[in-house]
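The structure appears right after this line, and notes come after that.
The values are calculated or read from the model by the stated rules, or taken from the named source; none is laboratory data. Note that the structure is predicted; figures quoted are calculated from it, not measured. Glycine also receives a Cβ, built like all others from the backbone with ideal geometry; neighbour counts cover every protein chain displayed. When the accessible area is computed, the model is the full protein with side chains, heavy atoms only, and any ligands, DNA or RNA have been set aside. Shrake-Rupley method; radii C 1.70, N 1.55, O 1.52, S 1.80 Å.
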Amino acid sequence: MLKIENLHVSVEGKEILKGVSLEVKKGEIHAIMGPNGSGKSTLSSVIAGNEDYEVTKGNIYFNNENIEDLSAEERAHKGIFMSFQYPVEIPGITVTNFIKTAINSNLKARGLKEMPANEMLKKIREKADLLEIDSRFLSRSLNEGFSGGEKKRNEIFQMAMLEPTLAILDETDSGLDIDALRIVASGVNKLKNKDNATVVITHYQRLLDHIIPDYVHVLQDGKIARSGDKDLALQLEEKGYDWI
Amino acid sequence: MSLKEKLVSSFLAFELDADINSPVHDIRSKSIKEFEKIGFPDRKNEFWKYTPIKKVLSEELTVFKKKRHLIDFEKVKDFFVGGIESYKIILIDGTYDPLWSNTTHKGVDICILSSVLENDKYSNVISRYYNKLIDNNESFSLLNSSFSKEGAYIHIPKNLELDKPIEIIHINSGGESSLMLQPRNLIILEEGSKAQIIESHYSLQEKNTNLSNSKNNHIDPLTNTLTEIYVEENANLDYYKIQNDLDSTSIIDNTYIDQKKDSVASCHTFSFGGNIVRNNLNFYQNGKNINSILKGITILGSNQHTDHHTLVHHASPNCESYQEYKGIYNDKSTGVFNGKVVVDKIAQKINAFQQNNNLLMGDHSSVNTKPQLEIFADDVKCSHGCTIGQLDKSALYYLKTRGIPEKEAKGLLTYAFANNVLENVKMQVLKTKIKKIIANKIGVSLGFEL
Ligand SMILES: Nc1ncnc2c1ncn2[C@@H]1O[C@H](COP(=O)(O)OP(=O)(O)O)[C@@H](O)[C@H]1O
Ligand SMILES: [Mg+2]
């Protein structure tokens, strides 16, 4: 589904990713771990289509298509979703109206009809229930004044609504207390199926107790320093990144 | 002959039938004399620095209307807020239109000003309230006081909470060029009363636009309106101005609001078009625990220009004022926000807040924003802030990652930027109407019900 080859990425003239290769197949869960500043968010932003980052070398393929020239919205239409490490606050537009616009934009881009209002409402209720989100929360301005945990839960709510084929979750566990972590993780697990894939980015092992990865990669200094199965995460937890 | 000379010399003819012993005639005569002294402001006048008002002061303008123009109800109806019952005062080219209006004298006066100015029964009202708040150094206020004969008169008695909102609708028929209209409103909310008022200005397309040379001798109309409002003790007023006019028409609006203790008054100004629109909105706080709320949304395009000059005069302690204005300027449109706050020495423990945020969407759009604080008390809280900028790039990216295309994402963010100012609008139907106008102005279809 996702194939990254020898990816080099710079921002403001500084090279951050220095040759990352990664392949994610449908049905898989991958975890990317690594110390702060190692380039994890850079990698997810580049996949999502953030134009501030410049790909200087290498390729990203999504379902065998080179996506280099696609805009962020076009990538979304193809089924790529990123949960932001720092979701943006947007006063003046409610969570509900935002998600309605997003859903219908995607449908339209795929040549489909808009979702009827009652169906939309039903889906919103269902997904809000899944993530134990209060309905009052949905009529608040998007992310404005949300706690860290509320923002993350709202990201996963959007993911649940948009049903992407590839979801990249950038530090979705940070800011969540243990109960919220369990709710979010169980939501992610319920949304998982044999046709989609998830990339979980974290620098703590604890999320991986709930979302069990098929593969674990360690990103260090702009490169994948090591790959393994879920035991690698446990070893890292014990021995620290210096051990790599 | 300059417009000033022309207006001064028109005055005699204009007042030909007037009762020379009436107090109103006296006010008019004094006003025209003052106007003759000071004339129109020019760009050297600090108060008018950024608004080229001369541009719309053609010597062809006249206060005399040639004939009455009728308008279909279908067209008039479009200008109603709709979806609610309301009292209505409708003026077409400055003349009251009884057909579509809905006035009352039952326990409350909601009617036309001429019936008050010409009726001895109301002499107490005139002597107590009429022309008492205006700034005698302001040319357009003087001009309005000289020539105004019609407008709304609203008088809400003590402790009455009005059952329906009031709509004052000014319609320019487009049937006559060169008209200078001078509407005038007098509004009194007595102690403990409560009212909601919506005042709007609309123009119909000028007729004969198909005649290619008609533009040559066509002079765009100018409306010079003035409103005096008294909000007595513990009374509560919500006032909404909708200025959604053609590119060709201009409005000068002077509004003077006098508040007594424990009263709350809010004024929302929605400026969505017009050639030149100038709003002088003045609040005077005379008593403790007064709250004044001034909010505005300006969305302009083409060569339109809007100028908001606000004044809040804190003359009493323990009061609050809250100003929040947002501007969205497309194409070559331009704007001004000048927020003046005066705090007298005795006005301790007041809280004055002022915020003006602007989005410049056009390459040639611009805005001048300036807080003007004159504070003579020492124990006060005054804050102000302004921003001029573009849409937040990170917000735009966030929306795009959710599959919302660039154009829609920009529209949504622009809408969100303005929408925030509507939170105090209590009338749901009005809120929806304004939201629709905003969405329309921004030119995107939002993927949700408004
Ligand atoms: N937009 C940016 N502008 C400048 N430097 C950036 C930007 N984004 C990331 N960086 C730099 O790139 C490096 C990697 O950052 P990031 O990808 O956020 O790491 P991680 O998510 O692993 O903590 C850091 O040194 C960071 O300062
Ligand atoms: Mg990061």
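Computed quantities for the displayed model
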{"read-out": "Failed condition for B:K345, given (1) at pLDDT below 95; (2) farther than 26 Å from B:F140 by Cβ; (3) not polar (S, T, N, Q)", "value": "(1)"}
{"read-out": "Residue, nearest to the chain's Cα centre (by Cα), within the range A:15-34, restricted to residues that are within 24 Å of A:D242 (Cβ to Cβ) and open to solvent by 40 Å² or more (accessible area, probe 1.4 Å)", "value": "A:S21"}
{"read-out": "Strands (runs of 3 or more DSSP E) fully within the range A:175-244 counting 2 or more residues that are under 18 Å from A:P35 (Cβ atoms), more than 16 Å from the chain's Cα centre (by Cα) and away from ligand 2 (no atom under 16 Å from the Cβ)", "value": "A:223-228"}
{"read-out": "Test result for A:Y86, within 16 Å of ligand 2 (Cβ to nearest atom) and surrounded by 15 or more Cβ atoms within 10 Å (Cβ to Cβ)", "value": "yes"}
{"read-out": "Enumerated helices (runs of 4 or more DSSP H) restricted to the range B:347-450, each holding at least 1 residues that are facing chain A (nearest Cβ under 10 Å)", "value": "B:393-401, B:406-419"}
{"read-out": "The one condition in (1) within 16 Å of ligand 2 (Cβ to nearest atom); (2) in a helix (DSSP H, G or I) that A:V9 fails to fulfil", "value": "(2)"}
{"read-out": "Number of the exception - A:K14 against (1) within 16 Å of ligand 2 (Cβ to nearest atom); (2) closer than 26 Å to A:K151 by Cα", "value": "(2)"}
{"read-out": "Some residue of the range B:199-211 being under 20 Å from the mean Cα position of the chain (by Cα), surrounded by fewer than 23 Cβ atoms within 10 Å (Cβ to Cβ), at pLDDT 95 or above and in the same structural domain as B:I168 (by TED's automatic domain parsing)", "value": "yes"}
{"read-out": "Scan of the range A:89-98 for residues that are over 14 Å from B:L396 (Cβ atoms) and open to solvent by 20 Å² or more (accessible area, probe 1.4 Å), ordered by number", "value": "A:P91, A:T94, A:T96, A:N97"}
{"read-out": "Within the range A:162-186, considering residues that are more than 14 Å from chain B (Cβ to nearest Cβ) and within 16 Å of ligand 1 (Cβ to nearest atom), the one surrounded by the most Cβ atoms within 10 Å (Cβ to Cβ)", "value": "A:T172"}
{"read-out": "Any hit, the range B:313-326, residues being touching a residue at least 60 places away in the same chain (Cβ under 8 Å), in contact with a helix residue (DSSP H, G or I) (Cβ under 8 Å, 6 or more places away or on another chain) and open to solvent by 10 Å² or more (accessible area, probe 1.4 Å)", "value": "yes"}
{"read-out": "Filter pass, B:V367 being open to solvent by less than 10 Å² (accessible area, probe 1.4 Å) and aliphatic (A, V, I, L, M)", "value": "no"}
{"read-out": "Subset of the range B:384-407 (residues that are open to solvent by 50 Å² or more (accessible area, probe 1.4 Å) and free of Cβ contacts under 8 Å to residues at least 40 places away in the same chain)", "value": "B:T387, B:I388, B:Q390, B:D392, B:K393, B:S394, B:E406, B:K407"}
{"read-out": "Tally, over the range A:102-145, of residues that are touching a Phe, Trp or Tyr at 6+ places or on another chain (Cβ under 8 Å), away from every other protein chain (no Cβ under 14 Å) and not aliphatic (A, V, I, L, M)", "value": "1"}
{"read-out": "Hits in the range A:61-85 (condition: outside any helix (DSSP H, G or I) and within 16 Å of ligand 1 (Cβ to nearest atom))", "value": "A:M82, A:S83, A:F84, A:Q85"}
{"read-out": "Residue that is under 12 Å from the mean Cα position of the chain (by Cα), among the hydroxyl-bearing types (S, T, Y) and buried (at least 21 other Cβ atoms within 10 Å of the Cβ), where the choices are B:T334, B:T249, B:T255", "value": "B:T255"}
{"read-out": "Top-ranked residue in the range A:29-52 [being within 16 Å of ligand 2 (Cβ to nearest atom) and within 11 Å of chain B (Cβ to nearest Cβ); ranked as nearest to A:T202 (Cα to Cα)]", "value": "A:S44"}
